[in-house]
Amino acid sequence: MSAPAAVRPASAGGAGHGETAPDPARRRRPGRGPLALAGLAVLVLVALALASRGTGQGDLDPTSPAPEGGRAVAQVLEDLGVPVTRTTSTEATLEAVRAAGPGGAAVLVVPTAPLGRAQLEDLAGSGADLVLLAPPADDLEVLAPALRTAEEIEAAPAVPPQCDVPAARAAGPATGGGALVEPRDDEDPSVSLCYGLPFGGAPYAVVDGDGSRVVVLGQPEVLTNEAVADEGNAALALRTLGARDALVWYLPDPLDPALSDEPLPLSALVPPGLVRAAQVLVVAALLLLLWRGRRLGRLVPEQLPVVVRASEAVEGRGRLYRAAGDRAHAAAVLRSASLGRLAGRLGVPVSAGTTAVVDATASATGRPAAEVDALYRSPAPRDDAALVVLADALDSLEKEVRSS
């Protein structure tokens, strides 16, 4: 008989001594931690998706009350009698300029999407004053060829104007820094630089043309709701954008097919909020893997309070097989266990297979190999009596091997 097997008994109340029986529903309930993290990730995804719907609530949008929006400046201009028209295409922008009459409108170009060469030339020939907000070098080559980009630095608060431009002199010190520009020709009288820094370049430049002017504003914070009240930002923004009878606030739509002759890439159709949400989900997944995959330390053996004889465990498993009526599985278990014991007794590796064990057993007992092979390869017993006969035959074969 093999060594007794240890199991934990159950008391009449369903639990061990001094313990409370575990609730089956609680054992089946999945962990709430992963579900909570998944729910939080979904909420973040929805919030970011809602926050990134179109350009209606984006940065420097005249309808956005967010800290990065431009609603405060737009509303004050409206109160001062300067109507603000929000556009998202070059065609709509030119229509608004024509509606205002010659020289009656200014166009604020916010770099929400790169403009094509054709759109830049249309804006340059519109006859309206242009206010370029942190323009790229390609835009300057068409709209303000007298300027070129210098460098980009962090915001520098309370910078004096250091120029004779009326809007800058009336505003006084304002937020500096940002995208700096410089004249291509230092002696060009049509270029005026304001809020410059000692090492060169300025975030505010005015280029006077024939009947119109181009203003380059390299510091977007001047127009935002959050910073418009700082220093002289409000006066600078209002005098720059309100110099004409009307203002066209142009936010190029990235999905406008007129901006480029080439097909839009798939990445242009993905909202920025969705990309941020995907990044949040990846970080959450990594944290979840680290949390669930952490090491809990070495295994600690537990001394069980009661010992049950191995024969009782065998009888209990036999009753389970009988209740299930799975004689084929029971026969397979008997044959597998018998082959393992014979292989150990005869010195045959278990990995050698059934044929090697059968041949070694036939040689040790003198039985025909076909007779021994039939015990291990015959069909499953059809009834319990046949299963008992198979068990007895296997037991007899093992006894012959032990006595040989």
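For segment 162-177, how many residues are without any contact (Cβ under 8 Å) to a residue 60 or more places away in the chain and on the phi < 0 side of the Ramachandran plot? If you could, list the steps in order and put the result at the bottom.
Taking segment 162-177 first, the residues without any contact (Cβ under 8 Å) to a residue 60 or more places away in the chain are 162-165, 169, 173, 175-177.
So of that shortlist, the ones also on the phi < 0 side of the Ramachandran plot come out as 163-165, 169, 173, 175-176.
Matching residues across segment 162-177 total 7.
Of all the listed residues (R244, R239), the sole one being in a loop (DSSP other than H, G, I, E, B), within 23 Å of A128 (Cβ to Cβ), touching a helix residue (DSSP H, G or I) at 6+ places or on another chain (Cβ under 8 Å) and not hydrophobic (A, V, I, L, M, F, W, C) is R244. Give the residue that is surrounded by the most Cβ atoms within 10 Å (Cβ to Cβ), with candidates limited to residues of segment 362-383 that are of a type in the set (D, E, K, R) and part of a helix (DSSP H, G or I). It comes out as D373.
Scanning for something farther than 20 Å from A150 by Cβ, assigned by TED's automatic domain parsing to the domain that holds A72 and surrounded by fewer than 19 Cβ atoms within 10 Å (Cβ to Cβ), does segment 196-204 turn up at least one residue? Within segment 196-204, not a single residue is farther than 20 Å from A150 by Cβ, assigned by TED's automatic domain parsing to the domain that holds A72 and surrounded by fewer than 19 Cβ atoms within 10 Å (Cβ to Cβ).
Scanning segment 73-84 for residues that are out of contact with any Gly (no Cβ under 8 Å at 6 or more places or on another chain) and crowded, with 19+ Cβ neighbours inside 10 Å gives V73, A74, V84. Of everything listed in (1) modelled with pLDDT of 90 or more; (2) touching a Gly at 6+ places or on another chain (Cβ under 9 Å); (3) closer than 22 Å to E152 by Cβ, the single unmet condition for A179 is (1). Looking across segment 90-112, the residues that are under 40 Å from the mean Cα position of the chain (by Cα) and either at positive phi or surrounded by fewer than 17 Cβ atoms within 10 Å (Cβ to Cβ) (or both) come down to E91, A92.
The values are calculated or read from the model by the stated rules, or taken from the named source; none is laboratory data. Only a predicted model underlies this, so the values are computations on that prediction, with no experimental measurement involved. As a convention, Cβ positions derive from the backbone with ideal geometry for all residues, glycine included, and neighbour counts pool all protein chains shown.
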